Each structure stands twice: as structure tokens, then as C-alpha cells.
Amino acid sequence: MRLLNTRTYQLRTFASAEIRPKYTILSHCWADDEVDFSDIQDLVRARSYRGWTKVEGACAVALSQGYDWLWLDTCCIDKCSSAELSEAINSMFSWYKHAALCLAYLGDVGHDDPHKPDSSFRKSRWFTRGWTLQELIAPGCSVVFLSRDWKRIGSSRDLAALLEQITNIDSAVLLSDNPACAISQLSIARRMAWAAGRHTTRPEDRAYALMGLFDVNIPILYGEGSERAFRRLQLEIISHTFDHSIFAWGPRAAPARLLARAPTPGHPPAPPVVRLLALSPDDFRDSADIVRVAMAELTGALGLRTVKEPHFFDTHYGIRIRLPLCPVPSHAGGRLWCGALACRTSAPQQGLGATCAPPPKFIGLVLYRPQGSPVYVVVQGMDVHDEGLSRAVDLPYPLARRKFPYFWRSEWRVETIYIWARAIGEETELSSPSRDKLAIRTAGEVECED
């Protein structure tokens, strides 16, 4: 890790955490004419850039707080070295986490009251950037916000309630002394929802900026595109978790609209195939209320025997996962199924408004299995008017005590299945008849477990 001396503006490399001094770290939005790694080697040249005022201001504040060392991404990373850039991106969450003080510089915020509905603080660009999400969370309660002229606005401890309103990040996380532990207790869907609507200059960074939030690392491959980068991130998360909420993205429909009429003769087209994995964090925008549950809670709600916590992983045939399944009568060629995920919406909070809050619901995926194939695909459910619906449905909680038209307790069973989740663009091709036959032929050797 390379740090900048706040007195001399000289860089120094510290090879390990054991010899690294206490340091301040800067969080900011990039602007034009920033001082980069090559510029800082020549202070005469560096001082000619407009970005020098940011370097000087950050060093002055850090020094006033008693810190001789500062890290800022503009000039402490040699971005001409792909290896160094990759190391920095993969280490970013850790570096912010271990900083003694994090200075969040909001260059578009003045001196108005940050709590006012139309305050410049609420509207700051800093809250819309992809990288600043982990820069807010990783340091915990040691973040101090500064206005455009480097005046203190307040700390994350002082502003926790306001920050929760702006970012939807739980104040308990922002106030935690161990934020990495605090966020690990939350569902993947909730953490992904925090990143919805944020932007990065390079499209792949939308995925790379989230590695620290899920404690995973992936190779940095600029040029692969945002969708492929986010897909790789999800697959890496899947290899480290039992959390089904990673599949619980997008709008959800009520189960009463899922099916409509008995199967019709012939071979009508299959329901439209949709993705199992999301394309971007934006797909999780409506998933902030989802919490993960143990498989024992799910199977207990279904009146099934207890099943050990299932590990799911990516294979050539798709995601191999163990799920409770329920057949759904359908007019499509083949059968629709509902796969219940081990996650649900949040329970109402105790208080005056709890009685008015909607009860929690499990989340189910709408699945279609071509005849003769063990590989399932995620589809949009179809209603009586043949209108395309969402890929997921809300299921009553607890399921075993409720009666509703299209899912019966006696028909639920736990199976190990494969859900199609190949490369981007291939999912939609499965909806064609030739693709259905190909899926059956290539996956014929795979056996499902009861």
C-alpha cells in the first residue's frame, strides 16, 4: 500500500500491514484535472493542476487530526500498472476498513442544513457513485463528511439517521465498530439493493466496486462489459454462500395470477424465458426488504421434513440447487413449477404501525421444465389473459397453515434440480422449440434427486 506524507507530499510504500502506520483515507468524486501518480512525483507540476487543492486540503485536514499519512486513489495508485490496479481494487474495502479516519469530501455541498429536504447534502453526487458505497460502509463510524471548503458537516455517527434515509443503508451498519461483520448478517438481496441506481465511469466497476460488500474477489477484466462482470461477481458470491436471496430480484406477482387454465392440446409455445441471474444491481431495486432464512424454516413452513442447509453451485447445466418444488397446472407445453427460495420479506416491526404492515412472504421462482428434460428455466408466469408476469411470486407465510388456490401443501417436495444460467444472451434462445430439444439432448444424462 502506498501512502502520501501529509507534511512533505512524498509517497512511500508499505509492504505489509504490520509496518503500516495509522493513516487517513479520502473518499471523493473524481473531477477534471486530478493529480495522478505520475504528477505527484513532480510537485511543481502537481501544483499547477486544479486537483492540487484537493490533495492539499485532504492533507491539511488529516494533519490537523494528528495523522502523517494519507491515502487517496488519484495519486497513490499507479494506474499504468494493471497488476497494481487490480490489487488496489481487490484491497479497497480492506484499506477503507482499516483506516483510522475516513474523510468524505463532498465538493458540491455548501453550508446549508443537511437535514433540510432540499439540502445540497442530500443531493450530493457522492451518494450516486458506485465506489462511494463501500467507502461509506467499510470505515464504520469513523467517516467524517466535509463541505466543498473542507469544513466539517458531521460524522457518520452524527448523521446516521439521515444517511439511512438517503442511502437505505441500515444505521446499525453505519454505526458498527465491525461493519464487515454487520453486513454479513444481511441478505445478499438487501446489500445489492443499496447499489441500485449508483453509477461508475467504467461500466465494469459497478461489479468490481461491490466485491468488498460480499467478501469475494474476482479478476479485473476491463473491456468485458458490465453485464459479464456482474455475472462473474454473482457466480463468485454463489460459491461462498447458502443465501437464496441472490435469485430474488425483480418485481414479484401474487400467486393467484400465476396460472389460469388447464393445459391445452398440442404443443403451444413455452412461456417466455427470463434470466436466473441479474444483469446489474438495478435489478435488486425492489429487493431491500428480503431477508434470508434457514432451510429448516422454509421446509417447516411447508410441512416437510427438515433438510440440511443446501450448497448450490454453477455447473455446465446451470445452477445446481436443492429446492422445494410445487407443480403448477399450465396451458404451456410442459409444466410450470414454483420453486420456493429460502428467503422472505421482512416481518413487520413492533410498534403502532405494525398492525398495518403487510405480513412477511416467502419468495418463489416461476420455473418451466421442457418435457423430458431435467433442466429447468426461469420464466415469466402467464395469467388467464396471457399477459407476461414477473419471474418471481410472493408466497404466503407460513405456507403450511394457509390455503390459496394454486399451491397445495401436499404437492410440495424437495428436489435437487438444475436451473439454466448460462452465458448472457443464451437464456432467451431456450424459448425456441429447437433450443428446447437441444437442452433435452445435452442434459439427458443428468438425474434429479428426490
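Is it the case that residue 145 is surrounded by 19 or more Cβ atoms within 10 Å (Cβ to Cβ) and in a strand (DSSP E or B)? Spelling it out, residue 145 is indeed surrounded by 19 or more Cβ atoms within 10 Å (Cβ to Cβ) and in a strand (DSSP E or B).
Being modelled with pLDDT of 95 or more, surrounded by fewer than 12 Cβ atoms within 10 Å (Cβ to Cβ), out of contact with any Gly (no Cβ under 6 Å at 6 or more places or on another chain) and not aromatic (Phe, Trp, Tyr) is a property that residue 8 has.
Pairs meeting the criteria (first residue in the range 129-149 and under 17 Å from residue 91 (Cα atoms) and in contact (Cβ under 8 Å) with a residue 60 or more places away in the chain, second residue among the acidic types (Asp, Glu) and outside any strand (DSSP E or B), beta carbons under 6 Å, at least 6 apart or on different chains) are 130/205.
Selection of strands (runs of 3 or more DSSP E) fully inside the range 288-336 by the criterion of at least 2 residues being at pLDDT below 85 and exposed (fewer than 15 other Cβ atoms within 10 Å of the Cβ) returns nothing.
Per-residue answers, yes or no, for (1) more than 22 Å from the chain's Cα centre (by Cα); (2) of a type in the set (Val, Ile, Thr):
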{"site": "110", "(1), (2)": "yes, no"}
{"site": "115", "(1), (2)": "yes, no"}
{"site": "135", "(1), (2)": "no, no"}
{"site": "166", "(1), (2)": "no, yes"}
{"site": "170", "(1), (2)": "no, no"}
{"site": "173", "(1), (2)": "no, yes"}
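Within the range 94-149, if we keep just the residues that are touching a helix residue (DSSP H, G or I) at 6+ places or on another chain (Cβ under 6 Å) and among the hydroxyl-bearing types (Ser, Thr, Tyr), the residue that is nearest to residue 28 (Cα to Cα) turns out to be 132.
Applying the criterion of at least 2 residues that are over 17 Å from residue 132 (Cα atoms) to the helices (runs of 4 or more DSSP H) found wholly in the range 151-202 leaves 179-184, 188-195. When the range 21-50 is examined, which residues are found to be within 31 Å of the chain's Cα centre (by Cα), at pLDDT 95 or above and farther than 11 Å from residue 75 by Cβ? Residues satisfying the conditions are 22, 23, 24, 25, 27, 28, 29.
This table checks each residue for (1) touching a residue at least 12 places away in the same chain (Cβ under 8 Å); (2) farther than 20 Å from residue 104 by Cβ; (3) not assigned by TED's automatic domain parsing to the domain that holds residue 125.
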position: 152; (1), (2), (3): no, no, no
position: 158; (1), (2), (3): no, no, no
position: 167; (1), (2), (3): yes, no, no
position: 189; (1), (2), (3): yes, yes, yes
position: 233; (1), (2), (3): yes, yes, yes
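Here residue 207 clears all of (1) surrounded by 24 or more Cβ atoms within 10 Å (Cβ to Cβ); (2) farther than 20 Å from residue 344 by Cα; (3) touching a residue at least 60 places away in the same chain (Cβ under 8 Å); (4) of a type in the set (Gly, Ala, Ser) except the condition numbered (3). Within the range 220-243, restricting attention to residues that are closer than 21 Å to residue 199 by Cβ and acidic (Asp, Glu), the residue that is farthest from the chain's Cα centre (by Cα) is 224.
The values are calculated or read from the model by the stated rules, or taken from the named source; none is laboratory data. Everything numeric here is computed off the predicted structure, so don't read it as measured data. Don't worry about glycine lacking a Cβ; one is built from the backbone with ideal geometry, like all the others, and counts go over all protein chains shown.
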